[in-house]
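Q: So that we are looking at the same thing, I have put the structure below in structure tokens.
The values are calculated or read from the model by the stated rules, or taken from the named source; none is laboratory data. These numbers come from a predicted model, not from an experiment. Backbone-built Cβ (ideal geometry, glycine too); neighbour counts: all protein chains shown. The accessibility values were calculated without ligands, DNA or RNA, using every heavy atom of the protein model including side chains. Shrake-Rupley method; radii C 1.70, N 1.55, O 1.52, S 1.80 Å.
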Amino acid sequence: MSETIVIAGAGHAAGQAAVSLRQGGFSGHIVMIGEEPYLPYQRPPLSKKFLAGKVELDRLLIRHEKYYDEHKIEVRLSTRVADIDRNKKSVTLGDGDQLAYDRLLLATGSKVRELDTPGIDLEGVHYLRTIDDVLKMRDRFQPNARLIVIGAGYIGLEVAAVAVKKGLSVTVVEMADRVMSRVVAPEVSTFFERVHREEGVDIRCGRDPNSVLTGDGRVRALRAHDGSELPADLVVVGVGIVPNVGLAEAAGLECDNGIIVDEYCRTSDSHILAIGDCTNHPNNLLGRRLRLESVHNAQEQAKTAAATLCGDLRPYNEVPWFWSDQYDLKLQIVGVSGEHDAVVLRGNPDERSFAAFYMKGDLLIAVDAINSAREFMLSKKLIAMGARMEPEILADTSIPFKDLADAALA
Ligand code: FAD
């Protein structure tokens, strides 16, 4: 094969795609172009062990330099793909270089949603998406420093957990009336709020959306509409992400809340594929399109796209899953809730191990498992199989979950 595959982006999905292309037997030229100065790396530790200083940068890398050298994968870092010329089948790089492709794989991921709050540009206000973001803020995580986290999603709460353990005085402010409101049931929010408060985090939900950041060059406080102030030495903003679709849109590819791809990761141009956070993709198991922000999706779409590029069409149909680590708690979420009509709790939150099952009638559609690896693992299968379960029986912990799952899968 003398084909050239250019990969735009060098994040989790891109790294996995390059590996899967070689594993799938692609022997042509692979060029991966990433605007960050790092080889593809895992982002989850950025708000967990890497922020806590418990893991070295080197351990974040998906593969080391030697791997790319040995597998003849050309990696160009600190370089942006600026433009795609679909007629010529070439990309223009930030430094003006042009590169021809036979197939182009877009793995441009996502970027943080930015706040337009006055004061957002003050020194000491941070976002968290990259290694460099963590390196900029980590030294400021000193005992007694006053940290305000804006946004009580996973990333905000993970940052709060790391910070309070390091002795910072932490306040989390959230506009919604409960934490992680977009993704978990009220019972699960209540549990996490309680744990954070017990650890010493001040959680303030239902906060004034008109708050502004004030300071003298450096951030000093978050001031509410009524004039009340929360003092701050440091602010971390975690209010979600938006997919990086600018490159695809400018090239005229179909986009709608992500780059539109089919189940083989093909875009509206048959020579261009897209994977990971930046895609809006169909999932036949769920019967709808969705955009996901998770490692599992980045990895599995990368494998699907690599197979497509190797001429082996395998539709992408994974049950979505995600995890978040906060203190000793591992929250694992499988499936997509939202269309549920009931939530069944199994286990006791006071024992720090329980699961919330999201039901649509008797159909299990999603599960939040807290320190409940068995429930999580079996639920992946149950959701994939479209299992139906009696809500009352599901709540009965005198019956082992494995027995319930076996019966539903029989
Ligand atoms: P990314 O990893 O974002 O990579 C895209 C890369 O492309 C970036 O390096 C970007 O700079 C680059 N790029 C963009 N445009 C261009 C261009 N034009 N030219 C060149 N390069 C470009 N997921 C979980 O499942 N569990 C977790 O616990 C979890 N925790 C997380 C914690 C944090 C702090 C963050 C930030 C994310 C977390 N995620 C987690 C989400 C997960 O990391 C992402 O879903 C995953 O990284 C997506 O991979 P990707 O390759 O699609 O995008």
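Q: Label LEU77 and ASP102 with points 7 Å out from Cα along Cα→Cβ: what is the distance between them in nm?
A: 2.9 nm
Q: How much area per residue is accessible in the chain when the probe is 1.4 Å and only protein heavy atoms are counted (Å²)?
A: On a per-residue basis, 44 Å².
Q: ³J(HN,Hα) across region 183-192 via Karplus (A = 6.51, B = -1.76, C = 1.60, θ = phi - 60°), whole Hz, x for Gly/Pro?
A: Taking θ as phi minus 60°, the curve returns 10, 10, 5, x, 4, 6, 4, 4, 4, 5 Hz for region 183-192.
Q: What are the ³J(HN,Hα) values, in whole Hz, obtained from phi via the Karplus relation 6.51 cos²θ - 1.76 cosθ + 1.60 with θ = phi - 60°, for each residue of region 196-208 in sequence order, with x given for Gly and Pro?
A: 4, 5, 4, 7, x, 7, 8, 9, 10, 8, x, 7, 4
Q: Could you pull out every residue, at least 5 positions away or on a different chain, whose amide H is within less than 5 Å of the one on ILE259? Hs are placed 1.01 Å off N in the peptide plane, and Pro or chain starts have none.
A: THR279, ASN280
Q: Using Cα-Cα distances under 8 Å and only pairs 6 or more residues apart, what relative contact order does region 320-410 have, in percent?
A: Computed value for region 320-410: 24 percent relative contact order.
Q: Let me check against my output: what whole-number percent is the relative contact order of the chain, with C-alpha pairs under 8 Å and at least 6 apart?
A: Computed value for the chain: 14 percent relative contact order.
Q: Relative contact order of region 260-358, please, whole-number percent, based on alpha carbon pairs below 8 angstrom and at least 6 residues apart.
A: Contact order relative to length: 19 percent.
Q: Just read off the accessible area of ASP226 with the full protein assembly in place, 1.4 Å probe, to the nearest 10 Å².
A: Accessible area, nearest 10 Å²: 120 Å².
Q: Something else: For region 52-68, take each phi angle, set θ = phi - 60°, evaluate the Karplus expression 6.51 cos²θ - 1.76 cosθ + 1.60, and give the result in whole Hz per residue in order, putting x for glycine and proline.
A: Taking θ as phi minus 60°, the curve returns 6, x, 9, 9, 7, 3, 4, 6, 7, 5, 6, 9, 8, 3, 4, 4, 5 Hz for region 52-68.
Q: Can you figure out the FRET efficiency of LYS136 with ASP177, using R₀ = 30 Å and their beta-carbon distance, to the nearest 0.05?
A: Given R0 = 30 Å and the Cβ-Cβ separation, E is 0.40.
Q: With the cut-off at 27 Å, tell me which of the pairs LYS136/LYS165; LYS330/LYS381; LYS136/LYS380; LYS48/LYS380; LYS165/LYS402 have Cα atoms farther apart than that.
A: LYS136/LYS380; LYS165/LYS402
Q: Let me ask something else. Can you tell which of ASP350, ASP325, ASP102 shows the greatest fluctuation in a Gaussian network model of the chain with Cα springs below 10 Å?
A: ASP350
Q: Here's a follow-up. Does the chain classify as rounded, prolate or oblate by the C-alpha gyration tensor (a ≥ b ≥ c root eigenvalues; a/c under 1.5 gives rounded; else a/b over b/c gives prolate, otherwise oblate)?
A: It is oblate, given that a/c is not under 1.5 and a/b is not larger than b/c.
Q: Same structure, new question: Check which residues have an amide H placed less than 5 Å from ASN283's amide H, if you skip close sequence neighbours.
A: Those qualifying (amide H under 5 Å, at least 5 residues apart or on another chain) are ARG288, ARG289, LEU290.
Q: Can you list residues whose amide H is under 5 Å from MET32's amide H, if they're 5+ apart or on another chain and H is modeled 1.01 Å from N?
A: Amide H to amide H, under 5 Å and 5 or more residues apart or across chains, MET32 pairs with ILE7, GLU74, VAL75, ARG76.
Q: Something else: Subtracting the Cα-Cα distance from 0.36 nm times the residue separation, let me have the gained length for ALA384 to HIS271 in nm, one decimal.
A: 37.6 nm
Q: Let me ask something else. For region 208-234 and region 254-272, what is the separation of their Cα centres, given in Å?
A: Each part reduced to its Cα centre gives a spacing of 42 Å.
Q: So between ASP262 and TYR67, what do we pick up on full extension, going 0.36 nm a residue minus the alpha carbon distance?
A: Between ASP262 and TYR67, full extension yields 67.2 nm more.
Q: Gaussian network model of the chain, Cα springs within a sub-10 Å range: biggest mean-square fluctuation belongs to which of ALA373, ALA152, ALA305?
A: Of ALA373, ALA152, ALA305, the Gaussian network model singles out ALA373 as fluctuating most.
Q: For region 368-410, just say rounded, prolate or oblate: build the C-alpha gyration tensor, square-root its eigenvalues into a ≥ b ≥ c, call rounded for a/c under 1.5, and beyond that prolate if a/b exceeds b/c, oblate if not.
A: oblate
Q: Something else about it: Taking only DSSP H segments of four or more residues, each worth -39500 (n - 2.57), what value at 222 nm results for the chain once the sum is divided by all its residues, to the nearest 500 deg cm²/dmol?
A: -7000 deg cm²/dmol
Q: Using +1 on the beta carbon of Lys and Arg, -1 on that of Asp and Glu, and nothing else charged, what's the dipole of the chain about the Cα centre, debye to 20?
A: 580 debye
Q: Distance in nm between label sites at LYS402 and SER90, each 7 Å beyond Cα in the beta-carbon direction?
A: Calculated label separation equals 6.1 nm.
Q: For region 171-214, what class follows from the C-alpha gyration tensor (a ≥ b ≥ c being the square roots of its eigenvalues): rounded when a/c is under 1.5, otherwise prolate if a/b is larger than b/c, else oblate?
A: Cα axes put region 171-214 in the oblate bin.
Q: Between exposed GluC sites (Glu not before Pro) in the chain, where DSSP calls loop and at most 13 other Cβ atoms lie within 10 Å, what's the longest gap?
A: 115-253
Q: Please give, to one decimal in nm, the separation of the simple spin-label points placed at GLU56 and ARG113, each 7 Å out from Cα toward the Cβ.
A: 3.8 nm
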